[in-house]
Amino acid sequence: MSFKGLVEMRCPGGCQPFEAEVWSFVRGDRDPDLREKIMAGEMNLLICPECNQTFYGEEPLIYYDPSMELFAFVFPASYEKEKSRWQEKMEADFANFQASLPEAQWLHDAPLLFFGIEGLQQMLVEEQGLLDEVEVIEHICVALGLSLYRSCISYARKRHIPSLLPLDGAVESMGKAERLRDRILKGLRKVLATNGQMETYRNYLAELEKNTQDKSIPPTCKKQ
Ligand SMILES: [Zn+2]
């Protein structure tokens, strides 16, 4: 459930203040239209009734999408001057929020902090591009009889790599990390031979092929 409230706003032109509805909590997974709004740069975009100027109604906003392991605080851009103060507030608020959830729903990582909505907007747009690739990958994997390896989303986000990877062979025989890495490599090559357009996957394959010394693979979610 997302929340909005009536807030007194004043346009940058210094006109008379007016009351406007401003979103303060957005559940990205349950309200895809609000997620779209952020991606389109229209979240809390207001029009001054006096001079018709458009501007962002900048109020603190929380964006939460457990399906993407994402919890982000968006503070007004002007708050960046007191970054450490808001960092502390964020950590305290997040600890309270986390404590209100059953342990199975806890997030693995610290929340993200943005000053101004543009940072979150950019991140969601990038992740949407990746989600589109993931959808294609899932179809190709089914068609080629490949399995899927799901790594931790927050781990993948930090490294700009896909969290869902094609795995050559059956999922039951997971095996050791070294063997898994080999199967991911094979899976990626097979998938990309079918469709070479997927940039994030192509980049990840190139990275794996370059780092031949590294035998690690992205970890799965701790909670699983
Ligand atoms: Zn105005």
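Assorted remarks:
- Around the amide H of Leu46, modelled in the peptide plane, lie the amide H atoms of Phe55, Tyr56, Gly57, all under 5 Å away and 5 or more residues distant in sequence or on another chain.
- Phi angles across region 134-141 convert, under the Karplus curve 6.51 cos²θ - 1.76 cosθ + 1.60 with θ = phi - 60°, into 3J(HN,Hα) values of 4, 4, 5, 4, 4, 5, 5, 4 Hz, Gly and Pro given as x.
- Set of aspartates and glutamates with alpha-carbon distance to Lys210 below 17 Å, sequence-local pairs under 8 removed: Glu178, Asp182, Glu199
- Compared with the alpha-carbon gap, the fully stretched path from Leu148 to Glu8 is longer by 45.5 nm at 0.36 nm per residue.
- Per residue value of the accessible surface for region 77-224 (all protein chains in place, 1.4 Å probe), Å²: 60 Å²
- Accessible surface of the chain [probe 1.4 Å, protein heavy atoms]: carbon and sulfur percent: 51 percent
- Region 9-103: relative contact order in percent, alpha carbon pairs under 8 Å with at least 6 residues between: 22 percent
- HN-Hα J in Hz across region 198-212 - Karplus 6.51, -1.76, 1.60, θ = phi - 60°, x for Gly and Pro: 7, 5, 5, 5, 4, 4, 5, 4, 4, 5, 5, 5, 6, 8, 6
- Taking θ as phi - 60° and the Karplus parameters 6.51, -1.76 and 1.60, the scalar couplings of region 99-112 work out to 5, 7, 9, x, 4, 4, 9, 5, 8, 7, 10, 4, x, 8 Hz in sequence order, x denoting glycine and proline.
- Low-density loop cleavage sites - chymotrypsin sites (Phe, Trp or Tyr not before Pro) in region 78-171, where at most 15 other Cβ are within 10 Å (DSSP): Trp106
- For the chain, the alpha-carbon coordinates run over 65, 36, 30 Å along the three principal axes, in decreasing order.
- Charge sum, other residues only, whose C-beta stays under 10 Å from Ile62's C-beta, Lys/Arg counted +1 and Asp/Glu -1: 0
- Placing +1 on the Cβ of every Lys and Arg and -1 on the Cβ of every Asp and Glu, with no other charges, gives region 43-129 a dipole of roughly 200 debye about its Cα centre.
- Heavy-atom accessible area order for Arg85, Arg157, largest first, 1.4 Å probe: Arg85, Arg157
- D by Stokes-Einstein for region 3-116, Kirkwood Rh over Cα pairs, 25 °C, 0.890 mPa s: 160 µm²/s.
The values are calculated or read from the model by the stated rules, or taken from the named source; none is laboratory data. This is a predicted model, so every value here is computed, not measured. Every residue, glycine as well, gets a Cβ built from its backbone with ideal geometry; the counts of neighbours run over all protein chains shown. Protein only, heavy atoms only, side chains kept; ligands, DNA and RNA dropped before computing areas. Shrake-Rupley method; radii C 1.70, N 1.55, O 1.52, S 1.80 Å.
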